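A quick write-up on the structure given underneath.
The values are calculated or read from the model by the stated rules, or taken from the named source; none is laboratory data. None of the values given here were measured: they were computed from a predicted structure. We place every Cβ from the backbone using ideal geometry, glycine too, and count neighbours over all the protein chains shown. To get the accessible areas, we keep the full protein, side chains included, count just its heavy atoms, and leave off ligands, DNA and RNA. Shrake-Rupley method; radii C 1.70, N 1.55, O 1.52, S 1.80 Å.
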Amino acid sequence: MARLLVLLAVTLLLYHTGCEYVIPPARYEEVRVPRFGNATLPCQFSFIDGTDDLGFSWLREDIIEEIEVEDIYAYIQQTFEYKEPQVVYSYHGNRVELEELSYTYQDRVEVDTSEISDGDLTLYLYNVDYQDEALYTCKAFSPNGKGEIKLKLMIQEEEEPPITFDTVDNVTVARCTSAAWYKVPIVKWLNRREQDVTENSTTMVLEQMQDGRHRVSSTLTGVKTYEIYRCLIRDAKKARRARTIHRKLKKGVLREYGEF
């Protein structure tokens with residue numbers, strides 16, 4: 001049985017390497033949003049003229065992540081489970097079909113209905129988190145045509161807000177303020193040589209939400225006017241990312257079987 005599995009893997013690999021061309025992976029326009037921020041996913045079609053007989057929807061699919069493995073048996077035995085795309089927003093018959101929406105997006109998505117007749121189907125997604133990272137597809141059809149747009153939504157890992165300089169008690173300080181919201185904010189200060197100078201900084205909470213999210217401001221002392229500084233803010237508390245994992249064989253794994 002083991003020899004049969006190895007033979008099957010080698011056959012599949014030879015088939016793919018013997019092709020004249022390789023289909024490149026799909027490319028999507030990427031939209032990056034700070035954690036707990038609001039995402040704008042643009043979608044416009046020129047064939048839309050009014051809402052009569054117009055139908056459109058926004059669908060969501062998990063991002064496919066490929067990982068390299070050396071275990072040939074793990075590669076062969078992996079299963080590919082098809083997941084039905086989730087409905088994020090649906091509009092047919094001149095109305096929003098709320099009953100079709102995935103519960104995870106209820107009360108968090110919006111399309112400006114006054115813009116639909118002009119072909120603007122932009123989706124606004126509020127309070128995004130790692131679970132919202134996905135491929136989003138905007139599909140529309142009308143008597144004049146049909147179209148599809150795909151976007152990849154990613155959560156911004158680290159924020160680098162602009163820095164301002166101020167004078168406190170005749171001493172120059174540098175400040176940065178987060179635009180995003182964080183559960184457990186971590187602020188890091190670097191100079192132009194990428195040296196960590198965070199120990200000379202203090203951080204204070206500007207605003208706090210009921211669910212524990214914060215906006216913060218950080219002040220760096222002991223700054224030099226000729227120096228360049230960077231302020232980096234990230235969240236120490238992360239949630240699980242939604243991913244579909246596909247395993248692929250690491251290059252050269254099959255050499256031990258004498259095939260290459």
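Of note:
- Under the condition of being surrounded by 10 or more Cβ atoms within 10 Å (Cβ to Cβ) and part of a strand (DSSP E or B), the residues counted in the range 160-177 number 12.
- Candidates in the range 1-58 are the residues that are assigned to a loop (DSSP other than H, G, I, E, B) and of a type in the set (Lys, Arg); of these, the one that is modelled with the lowest pLDDT is 27.
- Selection from the range 121-133 of residues that are in a strand (DSSP E or B) and open to solvent by less than 20 Å² (accessible area, probe 1.4 Å): 123, 125
- If only residues of the range 210-221 that are in contact (Cβ under 8 Å) with a residue 40 or more places away in the chain and assigned to a loop (DSSP other than H, G, I, E, B) are counted, the one that is most open to solvent (accessible area, probe 1.4 Å) is 221.
Conditions tested, residue by residue: (1) open to solvent by less than 70 Å² (accessible area, probe 1.4 Å); (2) closer than 21 Å to residue 196 by Cβ; (3) assigned to a strand (DSSP E or B); (4) among the aromatic types (Phe, Trp, Tyr).
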residue	(1), (2), (3), (4)
135	yes, no, yes, no
139	no, no, yes, no
147	yes, no, yes, no
150	yes, no, yes, no
153	yes, no, yes, no
179	no, no, no, no
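- Members of the range 70-114 found to be loosely packed, with under 11 Cβ neighbours inside 10 Å, acidic (Asp, Glu) and modelled with pLDDT of 70 or more, listed by number: 84, 99, 107
- From the list 190, 151, the lone residue that is at pLDDT 95 or above and under 30 Å from residue 64 (Cα atoms) is 151.
- Residue in the range 144-162 that is over 19 Å from the mean Cα position of the chain (by Cα) and among the hydrophobic types (A, V, I, L, M, F, W, C) present: no
- Close pairs from the range 139-165: first closer than 24 Å to residue 90 by Cα and of a type in the set (Asp, Glu), partner assigned to a strand (DSSP E or B) and open to solvent by less than 80 Å² (accessible area, probe 1.4 Å), Cβ under 8 Å, at least 6 apart: 148/137; 148/138; 148/140
- Hits in the range 188-209 (condition: open to solvent by 80 Å² or more (accessible area, probe 1.4 Å) and in a loop (DSSP other than H, G, I, E, B)): 192, 193, 194, 195
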